[in-house]
Amino acid sequence: MRITDAIYKLYPQVVTTAGDIAYDADGNEVAYDKDAVQAYVDAHAYIAKRAAEYPPITDYIDGVVKGDQAQIDKYIADCLAVKARFPKS
């Protein structure tokens, strides 16, 4: 997760950013807690790590279409292994 994404999530009044400065809809600067934003980013880092490691969903769909339970089970096991490697904090 990017810092700007965290700012938008934590401060819904923010509509744009420029560097590390956040602005509301009227162009006023919005003060925000940089430590809180960084903590949010750190707490959600597992999401991007998991997304990069998950097997392609097409592997699962292919198993469903073919009725191949072993392929479906492998997909699920692979996903669970990724979740174990990158747990929620």
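The values are calculated or read from the model by the stated rules, or taken from the named source; none is laboratory data. It should be emphasised that the depicted structure is a prediction, and the values quoted were computed from it without experimental measurement. Glycine also receives a Cβ, built like all others from the backbone with ideal geometry; neighbour counts cover every protein chain displayed. SASA here: full protein model, heavy atoms, side chains in, ligands and nucleic acids out. Shrake-Rupley method; radii C 1.70, N 1.55, O 1.52, S 1.80 Å.
Annotation note: Cβ proximity below 9 Å between a residue of segment 26-47 that is hydroxyl-bearing (Ser, Thr, Tyr) and a residue that is open to solvent by less than 40 Å² (accessible area, probe 1.4 Å) (sequence gap 6+ or interchain) occurs for 32/7; 32/14; 32/22; 40/6; 40/7.
For segment 69-86, how many residues meet the condition of being open to solvent by less than 60 Å² (accessible area, probe 1.4 Å) and either under 16 Å from residue 2 (Cβ atoms) or part of a helix (DSSP H, G or I) (or both)? Give the steps one after another, and end with the answer.
Taking segment 69-86 as the starting set, the residues that turn out to be open to solvent by less than 60 Å² (accessible area, probe 1.4 Å) are 71-72, 75, 77-79, 81-82, 86.
Now narrow it down to the ones that are either under 16 Å from residue 2 (Cβ atoms) or part of a helix (DSSP H, G or I) (or both): 71-72, 75, 77-79, 81-82.
Of the residues in that region, 8 qualify.
Quick one: in segment 1-33, which of the residues that are part of a loop (DSSP other than H, G, I, E, B) and of a type in the set (Gly, Ala, Ser) is least open to solvent (accessible area, probe 1.4 Å)? Please lay out each step first, then the result.
Applying the first criterion (part of a loop (DSSP other than H, G, I, E, B)) to segment 1-33 yields 1-2, 11-15, 19-20, 24-28, 31-33.
Applying the additional criterion that residues be of a type in the set (Gly, Ala, Ser) yields 19, 25, 27, 31.
Details: 19: 70, 25: 85, 27: 47, 31: 91 Å².
The selected residue is 27.
Here is the figure for segment 17-48: residues that are within 21 Å of the chain's Cα centre (by Cα) and β-branched (Val, Ile, Thr) total 4. Applying the criterion of being aliphatic (A, V, I, L, M) and under 14 Å from residue 85 (Cα atoms) to the residues of segment 47-68, the residue that is least open to solvent (accessible area, probe 1.4 Å) is 48.
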